[in-house]
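Before any comments, here is the structure.
The values are calculated or read from the model by the stated rules, or taken from the named source; none is laboratory data. Everything numeric in this text was worked out from a predicted model, so none of it was measured. Because the Cβ atoms are built from the backbone with ideal geometry, glycine has one as well, and the counts that use them run over all protein chains shown. Ligands, DNA and RNA are stripped out before the accessible areas are found, and what is left, the full protein with its side chains, is counted by its heavy atoms. Shrake-Rupley method; radii C 1.70, N 1.55, O 1.52, S 1.80 Å.
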Amino acid sequence: MDTIYALSSGSPPAAIGIVRISGNAAGEALRNLSGSLPPPRIATLRTLRSSIGEVLDTALILWFPRPATATGEDLAELHCHGGRAVIAAVERELAALPGLRRAEPGEFTRRAFINGRMDLSETEGLADLLAAETELQRRSAQALSQGALSQQVDEWRERLLILSARVESVLDFGDEDDVSELPTSFGSEVEALRSEIEHWLARPRAEKLRQGVRVVLTGPPNSGKSTLFNALLEEAAAITSAEAGTTRDAIERSVSLGGVPIVLVDTAGLRGEGAGEIESIGIDRARDQIGRADVVLWLGEEGAGPPGSIEIETKTDIGENDRKVAPDVRVSALTSQGLDEVRELIMRVASSVLPKPGDVALNERQAGLLRDGASGLSNVSEHMDPLIVGEALRECRVAFDRLTGKSSTEDMLDALFGRFCIGK
Ligand SMILES: Nc1nc2c(ncn2[C@@H]2O[C@H](COP(=O)(O)OP(=O)(O)OP(=O)(O)O)[C@@H](O)[C@H]2O)c(=O)[nH]1
Ligand SMILES: [Mg+2]
């Protein structure tokens, strides 16, 4: 396998630029550039020189002999000055060495996976960690990258293997009449495993953390939806006017409220009569948005909103709108009264839709595999043909192995590692 190298720190110019080298020829490359190998795992200051003795840079270098390294291979790091020309010169020198080439995106991590330094769900966690923009995303990705899901799946797999072994022993002794039945507790043990998996499946998904919680403003025309939308965003994103039917299309904007990622959606006012053709299309879209919402803010007549929506009384400064007896919050977009309360309320409801901080959240791929595994386990009982039971357990194990990457296809790996940048 080639030895790979890449700039693993941010794009130059920067204070330092870290070039990583991984593979069998990493030690030789380090020797070529710095004269000799430094002691393992100790940062050492060296002058880096080209093959003809030209000084390239003075750098802090690190040498990590395999196997206990990030990639599982021999690994070297050059902490150079982060100028564009410095990095280019060092990379040119590396490219000229035999057996070395520039790394593909995610190739260091892919080698870590191949060499068993990381399993697939940890790798997904790492990809999420690098992409994390909010505190919640970071904490969830951290838990995943440290193997919290892998540990759980390994534990389930272990139990599954013990159950499978029992089925095997029944099959082995199948000819003798007295041992051809599975033990009486068998069905309930499988059921316990299945319900634990279901419990994980019921939790909020990781994608919500990336895509944000959808908060949809709805109500009749002129109720002040767009004005409230703008006030919450602190930006005149939507057109507002005293004319009923101002908003036609749904408008969405991403905001972070106290670290909670929110997609705020303004919609056309709902009315049956008097809507023109374009407005009617807008109303259909508004309905569609309500269907996809995690949280609905209702600005219309009390109790007439979609079930579970937050009751908001608007325009409290003029007392013009229908007053509500017990709204969740009263607000005036004009005087800003109640705005913080609305934000507070959105934040509170929205965070209940998101994974808890530090909890592992399943992504759709992982959830799909767990669902496959769990569905095979439903209705397994000790009274069933042991051959069929054995097969159901085996299928569940296959799903687990796909999840942690013990068996996975090349396409899937390409898609996953393609998410990384070069140098990771
Ligand atoms: N005094 C006062 N006027 C408001 C307030 N909120 C909205 N308005 C006014 O009410 C009118 C309608 O506001 P919009 O925000 O356009 O209402 P909408 O619900 O988006 O209406 P459509 O898009 O037509 O469905 C505008 O003239 C706003 O200036 C408020 O809190 N106080
Ligand atoms: Mg509007």
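Quick look at the values:
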item	result
Trypsin sites (Lys or Arg not before Pro) within region 12-75, DSSP loop, no more than 12 other Cβ atoms inside 10 Å	ARG41
Surface per residue (accessible, 1.4 Å probe) for region 242-393, Å²	50
Label-point separation in nm, ALA236 to ILE16, each point 7 Å along Cα→Cβ	4.9
Among GLY212, GLY308, GLY17, residue whose mean-square fluctuation peaks in a GNM of the chain (springs only between Cα atoms under 10 Å)	GLY308
Chain lengthening between SER336 and THR58 when straightened (0.36 nm per residue, less Cα-Cα)	94.3 nm
Most to least packed among 226-234, 213-221 [average Cβ atoms within 10 Å]	213-221, 226-234
Efficiency of FRET between ARG285 and CYS421 - r from beta-carbon atoms, R0 25 angstrom, step 0.05	0.10
Among PHE108, PHE64, PHE186, residue whose mean-square fluctuation peaks in a GNM of the chain (springs only between Cα atoms under 10 Å)	PHE186
Length-normalised contact order of region 3-114 in % [C-alpha pairs under 8 Å, at least 6 apart]	31
Computed over the chain: relative contact order in percent, which uses C-alpha pairs under 8 Å that are six or more apart	18
Residues of region 3-114: accessible area per residue with a 1.4 Å probe, Å²	45
Net charge of neighbours whose Cβ lies under 13 Å from the Cβ of GLN366, counting Lys and Arg as +1 and Asp and Glu as -1	-3
Other-chain or far-sequence residues with amide H under 5 Å of ARG66's (modelled H)	ASP74, LEU75
R0 of 35 Å, Cβ-Cβ distance ARG292-ILE318: FRET efficiency to nearest 0.05	0.60
Selected from GLY338, GLY276, GLY258 as most flexible by GNM, with the chain as the system and alpha-carbon contacts under 10 Å	GLY276
Region 3-114 - percent of accessible surface contributed by carbon and sulfur, probe 1.4 Å	58
Within the chain, helix-based [θ] at 222 nm, where runs of 4 or more DSSP H residues each add -39,500 (n - 2.57), nearest 500	-13500 deg cm²/dmol
Spin-label pair SER378/GLU135, simplified geometry with 7 Å Cα→Cβ offset, distance in nm	4.0
